[in-house]
Structures are given as structure tokens and as C-alpha cells.
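Since every read-out is calculated from the coordinates, none of them should be taken as a lab result. Computed from a predicted structure; not experimentally measured. Heads up, the Cβs are rebuilt from the backbone with ideal geometry, glycines too, and the neighbour counts pull from every protein chain shown.
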Amino acid sequence: MSGPKPIPTQLKVLRGNPGHQVLNLREPKPAKPSKVPGPPSFLMDYAAEEWREVSTELHRLGLLTVVDGKVLAAYCQAYGRWRKAEEALAQMAKTDPLTGAMVVRTHNGNHVQNPIVITAQKAAKDMVRFASEFGFSPAARSRIALGADNQEPRRFAGLLAG
């Protein structure tokens, strides 16, 4: 299919349907878990931490369903891989002030881009791609209008109440 990627109806509703397009009321609606699911057992360290943080918010917004776990796990795994790669680069950079560990020497003396840089770049790209599925980007959040139950109270709301 050509054109922009379709946006899930739930995200359109949260955004207030700015294009006033007809909402797909026949869109499949997978079951929403009654409580926030724990991270899958294969997620380690940073990935499991990210799962706990992100799944809580997605559940609160009603955007986490029972079929979303694998995509969320892939996002969390990419996050974990990216973070570990970036930490490894930072550690290596301490001993390489000239290139900041961006370049390494091969066994035959040639200089090449550090493979960890490539790992970090690929993980970041994957992370952003998976994150867009859930509307994690700042641009996506700026288009979301929370419902009354998710809205924070306004500072002067009581002054206008009759």
C-alpha cells in the first residue's frame, strides 16, 4: 500500500481525530489486560526495566492489548541493545580521546568504524521504528489529547466554574 501508514483508531481518538476522518469502528479490538503484564522472561536488564516503565503508561492510556506484547518486547530489546552499546562506547571513549571510540584498528592495522557504533545505530533505528507503532515520539504525543479521566487539573479551572 502506498501513502502514510494507517494510524490505529485508539490513537486517532486520543488525538481528537484532527482530520475529522471517519473512524474505523470495525477495527479489531484485542482484549486489554486487566493489569499491567510483567516483562517476558527473555528480556534482560535494561530491556526489562523499559518494559516495566513503558507498559505501565501504555496500559494507563488503554493502548496495550494482549497482542501487543511481542512488538513492545521488540522495542524494549532494541532499547536495551542500544543502551548497552552506547555505554560500551562511552567506556571505550575514556581511553580513546582522539576518536571517542568511533574508530578501531583491525588486526592488520587498518582503521575502521567501530562495530559497536553500527550496533548502536541499528538498535536506535529499530527502537524508533517500534516506538512509532505505539506513538512514542514527541510529535505523536503533541497530537494526543487526553480524555477527561487522564487529564491533569488546570491551575485556574475553578475560577471559570459557575
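Shape annotation for the range 1-93: C-alpha extents along the principal axes are 53, 33, 23 Å, from largest to smallest. Partners of LYS84 within straight-line reach, counting lysines whose Cα lies under 30 Å from its Cα and excluding those fewer than 8 residues away in the same chain: LYS35, LYS70, LYS94, LYS122, LYS125.
Please give the contour-minus-distance gain from LYS35 to VAL22: 0.36 nm per residue of separation, less the Cα-Cα distance, rounded to one decimal in nm.
Numbers: separation 13, 0.36 × 13 = 4.68 nm, distance 3.10 nm.
Working it through step by step, the gained length comes to 1.6 nm.
Taking label points 7 Å from Cα along the Cα-to-Cβ direction, ASP45 and PHE136 give a separation of 1.8 nm. Over the range 64-140, the pair-distance histogram of Cα-Cα distances with 5 Å bins from zero comes to 3, 15, 19, 18, 14, 11, 9, 6, 3, 1, 0 percent, rounded to whole numbers. Each residue, LYS122 and GLN91, gets one label point 7 Å from its Cα in the Cβ direction; the gap between the two is 2.0 nm.
Order 91-104, 25-38, 112-125 from most to least packed using the mean count of other Cβ atoms within 10 Å.
Values: 91-104: 12.6, 25-38: 10.1, 112-125: 15.2.
Per-residue mean Cβ counts within 10 Å order the peptides as 112-125, 91-104, 25-38.
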